[in-house]
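> Below is one structure. I have some questions about it.
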Amino acid sequence: MSVLVNKKSKIIVQGFTGSEGTFHATQMIEYGTNIVGGVTPGKGGQKHLGKPVFDSVAEAVKKVDADTSIIFVPPAFAADAIMESVEAGIKVIITITEGIPVNDMTKAFQYVKAKGAKLVGPNCPGVITPEEAKVGIMPGFVFKKGKIGIVSKSGTLTYEASDQVVSQGLGISTAIGIGGDPIIGTTTKDAVELFMNDSETDCIVMIGEIGGQLEADAAKWIKATGNKKPVVGFIAGETAPKGRTMGHAGAIVGGSEDTAEAKKRIMRECGIHVVDSPAQIGAKVAELVS
């Protein structure tokens with residue numbers, strides 16, 4: 001069992017023939033991911049990277065039975081691409097695109113919710129189930145198969161956490177980069193819940209950053225459901241000046257619970273093993289699962 005994607009996932013790339021889509025699809029195919037085709041309107045019937053190109057997601061679902069999509073569509077059209085996927089019956093939609101207008105994303109978010117699909121992102125590095133499927137832009141070589149689940153707002157800290165875990169002789173069940181935008185499909189709590197219900201995950205690494213309530217919500221849920229598995233937590237941005245946006249659109253401190261200090265306090269109160277530096281993640285995980 002894996003979370004969201006595995007070797008059986010039938011994945012299409014929206015924005016397949018563009019430069020970003022081409023570059024990352026090549027990497028995903030080299031990793032062994034089951035890419036069954038791609039979508040670029042107006043280019044249907046062609047082959048690209050040895051895979052069929054379709055004019056629409058509906059056509060891709062009909063012809064190659066696609067069930068998962070990764071989106072490399074420019075920001076102005078990305079929300080429509082998400083809704084097109086949902087309409088066609090795609091169950092897991094991973095959106096890499098950064099800079100989607102908030103108004104557009106609000107509509108797409110409501111549409112995804114109403115139809116019961118799973119959306120990861122936007123503005124995220126994607127999802128990887130090591131040695132099975134890499135659906136995103138993460139460096140595959142950093143990840144090794146194992147039983148530690150990672151959920152992170154930050155792309156680079158996802159890779160750092162994995163490297164730390166692997167250096168301890170452990171591995172990753174699935175890593176989910178949820179993205180740093182204000183409106184995202186899969187929250188920290190949603191991802192943690194997937195891992196809590198996954199028999200292949202023994203311990204969870206939860207990486208957050210200043211701004212918003214995602215980590216506090218997840219921590220309170222973990223406590224309310226009985227701390228079923230050990231969780232290691234880290235919050236980035238402790239030294240950020242108050243009220244300053246830091247990198248991600250979602251990383252701005254708006255209330256008293258948005259600061260790194262407050263989030264860490266809430267996480268500790270909820271039984272999460274909080275570390276003060278990303279350099280401590282691997283050692284803490286090893287300590288908890290040994």
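The values are calculated or read from the model by the stated rules, or taken from the named source; none is laboratory data. If you're wondering where the values come from, they're calculated on a predicted model, not measured in any experiment. Glycine gets a Cβ as well: all are built from the backbone with ideal geometry, and neighbour counts include every protein chain shown.
> Hey, can you tell me all the residues within the range 75-94 that are crowded, with 16+ Cβ neighbours inside 10 Å and in contact with a helix residue (DSSP H, G or I) (Cβ under 6 Å, 6 or more places away or on another chain)?
Of everything in the range 75-94, those that are crowded, with 16+ Cβ neighbours inside 10 Å and in contact with a helix residue (DSSP H, G or I) (Cβ under 6 Å, 6 or more places away or on another chain) turn out to be ALA79, ILE82, MET83, GLU84, SER85, VAL86, ALA88, ILE93.
> Would you check which residues across the range 21-57 are in contact (Cβ under 8 Å) with a residue 60 or more places away in the chain and surrounded by 17 or more Cβ atoms within 10 Å (Cβ to Cβ) and list them?
HIS24, MET28, TYR31, THR33, ASN34
> Working only within the range 9-29, note down all residues that are over 21 Å from ASP67 (Cβ atoms) and hydrophobic (A, V, I, L, M, F, W, C).
PHE23
> Can you confirm whether GLY18 is under 22 Å from PRO130 (Cβ atoms), surrounded by fewer than 18 Cβ atoms within 10 Å (Cβ to Cβ) and in contact (Cβ under 8 Å) with a residue 24 or more places away in the chain?
no
> Moving on. How about the range 48-57: which of its residues are in a strand (DSSP E or B) and hydrophobic (A, V, I, L, M, F, W, C)?
If the condition is that a residue be in a strand (DSSP E or B) and hydrophobic (A, V, I, L, M, F, W, C), then VAL53, PHE54 are the ones that fit.
> A further question on this structure: Can you go through VAL64, VAL57 and tell me which one is farther than 30 Å from LYS144 by Cα and assigned by TED's automatic domain parsing to the domain that holds THR17?
Details: VAL64 fails: farther than 30 Å from LYS144 by Cα.
Exactly one residue qualifies, and that residue is VAL57.
> Quick one: how many residues across the range 95-128 are under 16 Å from ALA25 (Cα atoms) and of a type in the set (Val, Ile, Thr)?
Step one: filter the range 95-128 for residues under 16 Å from ALA25 (Cα atoms), giving 95-97, 124-128.
Checking the rest, the ones that are also of a type in the set (Val, Ile, Thr) come to 95-97, 127-128.
Total satisfying the criteria: 5.
> I'm checking my understanding of the structure. Among residues of the range 148-183 that are within 12 Å of the chain's Cα centre (by Cα) and among the small types (Gly, Ala, Ser), which one is surrounded by the fewest Cβ atoms within 10 Å (Cβ to Cβ)?
Among residues in the range 148-183 that are within 12 Å of the chain's Cα centre (by Cα) and among the small types (Gly, Ala, Ser), the one surrounded by the fewest Cβ atoms within 10 Å (Cβ to Cβ) is GLY155.
> Further question on the same structure: Could you please give the count of residues in the range 184-213 that are assigned to a loop (DSSP other than H, G, I, E, B), hydrophobic (A, V, I, L, M, F, W, C) and either in contact with a helix residue (DSSP H, G or I) (Cβ under 6 Å, 6 or more places away or on another chain) or surrounded by fewer than 24 Cβ atoms within 10 Å (Cβ to Cβ) (or both)?
1
> Give the residue, chosen from GLU30, GLU59, that is modelled with pLDDT of 95 or more and more than 23 Å from the chain's Cα centre (by Cα).
Values: GLU30 fails: more than 23 Å from the chain's Cα centre (by Cα).
Checking each option against the conditions leaves just GLU59.
> Looking only at residues that are modelled with pLDDT under 95 and acidic (Asp, Glu) in the range 251-286, which one is nearest to GLY233 (Cα to Cα)?
Filtering first and then ranking leaves GLU261.
> Inside the range 95-128, can you point out the residues that are crowded, with 22+ Cβ neighbours inside 10 Å, of a type in the set (S, T, N, Q) and more than 12 Å from the chain's Cα centre (by Cα)? Before you say what the answer is, go through the steps one by one.
Of the range 95-128, the ones crowded, with 22+ Cβ neighbours inside 10 Å are 95-97, 100, 105, 108, 119-128.
Next, only the ones that are of a type in the set (S, T, N, Q) stay: 95, 97, 123.
Within the range 95-128, just THR97 meets the criteria.
> Which of the residues spanning the range 148-196 are of a type in the set (Asp, Glu) and closer than 18 Å to ALA236 by Cα? Lay out the reasoning, then the answer.
First, the residues of the range 148-196 that are of a type in the set (Asp, Glu): 160, 163, 181, 190, 193.
Scanning the range 148-196 gives GLU160, ASP163, ASP181.
> So is GLY37 in a helix (DSSP H, G or I) and either more than 17 Å from the chain's Cα centre (by Cα) or not assigned by TED's automatic domain parsing to the domain that holds THR174 (or both) or not?
no
> Select from the range 114-169 the residues that are assigned to a loop (DSSP other than H, G, I, E, B) and among the aliphatic types (A, V, I, L, M) and write down the one among them that is farthest from GLY99 (Cα to Cα).
ALA117
> If you don't mind, another one. Tell me which residues, restricted to the range 58-74, are of a type outside the set (Asp, Glu), surrounded by fewer than 24 Cβ atoms within 10 Å (Cβ to Cβ) and part of a helix (DSSP H, G or I).
Across the range 58-74, the qualifying residues are ALA58, VAL61, LYS62, LYS63, VAL64.
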